[in-house]
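J.: Here you go, one structure.
The values are calculated or read from the model by the stated rules, or taken from the named source; none is laboratory data. This one's a predicted model, so the numbers in the text were calculated from it and none came from an experiment. No Cβ is skipped: glycine too gets one built from the backbone with ideal geometry, and neighbour counts run over all protein chains shown. Side chains are part of the model used for accessible areas, which takes the heavy atoms of the whole protein and leaves out ligands, DNA and RNA. Shrake-Rupley method; radii C 1.70, N 1.55, O 1.52, S 1.80 Å.
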Amino acid sequence: MALRRFAHENSAASSPRHADSDGPKSPVAGFPPSTPRNRLSYGLHRSPADTPSISSSVPFDWEAARSMAPPPYATPLKSRARKSMATGTSSSATPRKAVVRKKGVLERIKNIPSTIAFELSLFPQNVPLPTPKTRARIVGGTIHVIHFLILATHDNEDVWDSISGTKRSSWFDWSTPITLLLIGISIFNAYNLCTRTRSYKFLRRTEPLSSPHAKFVVTNLDLEPLERPTFGQRLRADLWWSFSYFWRFLFGLQPPKRASPPREKTSRVQELEVWEPSEMELELFSIYSPAHALLWMAMGSSSWFYSVLIMVLVGLQLNALTHAFVQLVKDKQLLASETMKEYNDVFVYPRINPVRRDVAVMTHQSEVVNVWED
């Protein structure tokens, strides 16, 4: 078989038809050398890469590869690039000078109402506010300063009363509503901090979740709400029901039933409420909590040192605990995301996007051998 293939190839190469074709010509005779044209038959000894691709959408340009010609999809040459293009120009070329039209005074005056309306529509998102931690520290520090001023005012009044010999009989004065307001702020912040949650629904989970915050709820599975009948449809339905009720009443039949509206597609699923506190509320709770407010109320001239020391210790403990907990949650999120990324890179992506190559087996009629011949 190998000798027969070799003989067929030699005879095809030395045939007159092949000699007259665009084959290689001798450079001695004055003809420039040229690349021979590919044959249309491929034997088994040829590589499958020599055959045309049966799965590639863009055929490979063999002629361009043999003659070292640029492919048609190449980037434009630098010498032929336009001057207005950002790419393809030399670094020494001077940049193009653009003409920018500036608005006139009258045009800017006319645009003032629209500019004001646009800024009002973005309020308060367009106000440059500080970060949540900075806002919490400013609010907490201001509240502590107000408590200190109230305490200092009371001490001065007590000293003046002891000097003048008078004694106040009323317990309600101007500082009482301010103190109650500050205590209410601390309680309100603590309530918001503890009750701020986000709900997640598990549509495909049948087994109960092992969490005290999970419960079964009835939810609507329709992504689009049902269309409500128009006024004309409801009027026609009511007229038909009245007409049918009248004749049924005359003939002694049962009254008709009103058509029930289409029901929404509901299902009983599990819902998990996850605690999601905000950064400002956490920071304000560690700076000014209800415990700080009670310590300010219990502070006196003889116990102010211990009260201040307890407030500082409580604030530092809360601050360290909340920051450590928040960082722990972030670290767990990083671990989970990195684990899923490694799993996708190692197991998922290599299986759903495998590297494929074309494999083909071709033959020619010259390779067919009659077994009945000698």
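J.: Condition test on Leu180, is it among the aliphatic types (A, V, I, L, M) and either at pLDDT 85 or above or not in a loop (DSSP other than H, G, I, E, B) (or both)?
T.: On the way: among the aliphatic types (A, V, I, L, M): yes; either at pLDDT 85 or above or not in a loop (DSSP other than H, G, I, E, B) (or both): yes.
Yes: the conditions hold for Leu180.
J.: Oh, and also: What pairs can you find where one residue is in region 101-119 and surrounded by 10 or more Cβ atoms within 10 Å (Cβ to Cβ), the other is modelled with pLDDT of 90 or more, and their Cβ atoms are less than 7 Å apart, with a gap of 6+ or different chains?
T.: Final answer for the pair search is none.
J.: Next question. Determine which single condition Pro290 fails, assuming it passes every other condition in (1) under 14 Å from Gly140 (Cα atoms); (2) in contact with a strand residue (DSSP E or B) (Cβ under 8 Å, 6 or more places away or on another chain); (3) not charged (D, E, K, R).
T.: Unmet for Pro290, out of (1) under 14 Å from Gly140 (Cα atoms); (2) in contact with a strand residue (DSSP E or B) (Cβ under 8 Å, 6 or more places away or on another chain); (3) not charged (D, E, K, R): (2).
J.: Right, next: If I ask for residues that are in contact (Cβ under 8 Å) with a residue 24 or more places away in the chain and either under 23 Å from His147 (Cα atoms) or of a type outside the set (Phe, Trp, Tyr) (or both), which ones from region 195-210 would you list?
T.: Matches in region 195-210: Arg196, Thr197, Arg198, Ser199, Lys201, Leu203, Arg205, Pro208, Leu209.
J.: Does Leu335 satisfy the criteria of being among the hydrophobic types (A, V, I, L, M, F, W, C), open to solvent by 100 Å² or more (accessible area, probe 1.4 Å) and either within 32 Å of the chain's Cα centre (by Cα) or on the phi > 0 side of the Ramachandran plot (or both)? Write out each step before concluding.
T.: Working: among the hydrophobic types (A, V, I, L, M, F, W, C): yes; open to solvent by 100 Å² or more (accessible area, probe 1.4 Å): yes; either within 32 Å of the chain's Cα centre (by Cα) or on the phi > 0 side of the Ramachandran plot (or both): yes.
For Leu335, the condition - among the hydrophobic types (A, V, I, L, M, F, W, C), open to solvent by 100 Å² or more (accessible area, probe 1.4 Å) and either within 32 Å of the chain's Cα centre (by Cα) or on the phi > 0 side of the Ramachandran plot (or both) - is met.
J.: Being open to solvent by less than 70 Å² (accessible area, probe 1.4 Å), part of a loop (DSSP other than H, G, I, E, B) and not aliphatic (A, V, I, L, M), is that true of even one residue in region 195-210?
T.: Looking for residues that are open to solvent by less than 70 Å² (accessible area, probe 1.4 Å), part of a loop (DSSP other than H, G, I, E, B) and not aliphatic (A, V, I, L, M), one finds none in region 195-210, hence no.
J.: Then there is this: Quick check on my filter: what residues within region 211-231 are modelled with pLDDT of 85 or more and not in a loop (DSSP other than H, G, I, E, B)?
T.: If the condition is that a residue be modelled with pLDDT of 85 or more and not in a loop (DSSP other than H, G, I, E, B), then Ala214, Lys215, Phe216, Val217, Val218 are the ones that fit.
J.: What residue, of Leu253, Leu284, Leu321, Leu313, is over 23 Å from Thr134 (Cβ atoms) and surrounded by 11 or more Cβ atoms within 10 Å (Cβ to Cβ)?
T.: Leu253
J.: Right, another one. Would you please name the residue that is nearest to Pro208 (Cα to Cα), looking only at residues in region 258-275 that are out of contact with any helix residue (DSSP H, G or I) (no Cβ under 9 Å at 6 or more places or on another chain) and modelled with pLDDT under 85?
T.: Let us first name the residues in region 258-275 that are out of contact with any helix residue (DSSP H, G or I) (no Cβ under 9 Å at 6 or more places or on another chain), namely 260-274.
Still in the list and also modelled with pLDDT under 85: 260-267.
On the way: Ser260: 34, Pro261: 33, Pro262: 31, Arg263: 27, Glu264: 25, Lys265: 22, Thr266: 19, Ser267: 15 Å.
Result: Ser267.
J.: Give the residues of region 232-248 that are surrounded by 12 or more Cβ atoms within 10 Å (Cβ to Cβ) and either assigned to a strand (DSSP E or B) or hydrophobic (A, V, I, L, M, F, W, C) (or both), sorted by residue number. Don't jump to the end; show me each part of the working.
T.: Residues of region 232-248 that are surrounded by 12 or more Cβ atoms within 10 Å (Cβ to Cβ), as a first pass: 236-237, 240-241, 244-245, 248.
Matches in region 232-248: Ala237, Trp240, Trp241.
J.: With the structure loaded, tell me whether Ser286 is hydroxyl-bearing (Ser, Thr, Tyr) and either modelled with pLDDT of 85 or more or assigned to a strand (DSSP E or B) (or both) or whether it fails that test.
T.: It is true that Ser286 is hydroxyl-bearing (Ser, Thr, Tyr) and either modelled with pLDDT of 85 or more or assigned to a strand (DSSP E or B) (or both).
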